[in-house]
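The values are calculated or read from the model by the stated rules, or taken from the named source; none is laboratory data. Because the structure is predicted, anything quoted here is derived from the model rather than measured. Cβ: placed from backbone, ideal geometry, glycine included. Neighbour counts: every protein chain shown. Protein only, heavy atoms only, side chains kept; ligands, DNA and RNA dropped before computing areas. Shrake-Rupley method; radii C 1.70, N 1.55, O 1.52, S 1.80 Å.
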Amino acid sequence: MKIAINILKVLEIIMTAIWGIVFGILTPLALMSGEIVVDEIANHYILKVWIINSAVCYFAGTLILMLKLYKTALCFHTAGLIGSLFIYGTFRGIYNGINAENPSVLYMPVIFITFLTLAITVIANYGKINERLTAAREKKYEASPSVLGGEYEFKEKKRK
């Protein structure tokens, strides 16, 4: 289990470095420079939201994941997923009717980082999940109290 978690963590660091730094920070900064896009897009608030989403949700989430706070990291990455979907919807509205390339495909791969974090969280907490399921199963098969109200004792008859 630990080997699988470590392999997935390394994969997540690589993916966060590529999509987080290159596409999450450098691409919005390039779009903000306004040299390659229309000025109304370069000054749009969504580019700042894109940078904040990448920095807070994915960098901080990956750092928290490395500290073995798996559930908290999953919350950060889920918030990043929601932020990415919001960014996608906003870009669809901005680029509606404009003959320009929509940069939406550059930040959508971060969805995979969220699923990777989910896999790490499930693998890391597999023992706890299994214990809870076993306890629930055992509780389900416990003897029920009598509906007649009194104590009921089961006595076996001894055969001679």
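Out of the stretch 82-128, which residues are under 12 Å from the mean Cα position of the chain (by Cα), open to solvent by 30 Å² or more (accessible area, probe 1.4 Å) and modelled with pLDDT of 90 or more?
Going residue by residue through the stretch 82-128, those that are under 12 Å from the mean Cα position of the chain (by Cα) are 82-84, 110-122.
Right, trim to open to solvent by 30 Å² or more (accessible area, probe 1.4 Å) and you get 82, 111-112, 115, 118-119, 122.
I82, F115, L118, A119, V122, listed by residue number.
Look at V56 and say whether it is open to solvent by 70 Å² or more (accessible area, probe 1.4 Å) and modelled with pLDDT under 90. Step through it out loud before you land on a result.
On the way: open to solvent by 70 Å² or more (accessible area, probe 1.4 Å): yes; modelled with pLDDT under 90: yes.
Yes; evaluated as a whole, the condition is true for this residue.
List every residue pair whose Cβ atoms lie under 6 Å apart, where the two residues are 6 or more positions apart in sequence or sit on different chains, the first residue falls within the stretch 1-27 and is over 17 Å from C57 (Cβ atoms), and the second residue, located anywhere, is of a type in the set (V, I, T) and surrounded by 17 or more Cβ atoms within 10 Å (Cβ to Cβ).
Matching pairs, first to second residue: I5/I120; L8/I120.
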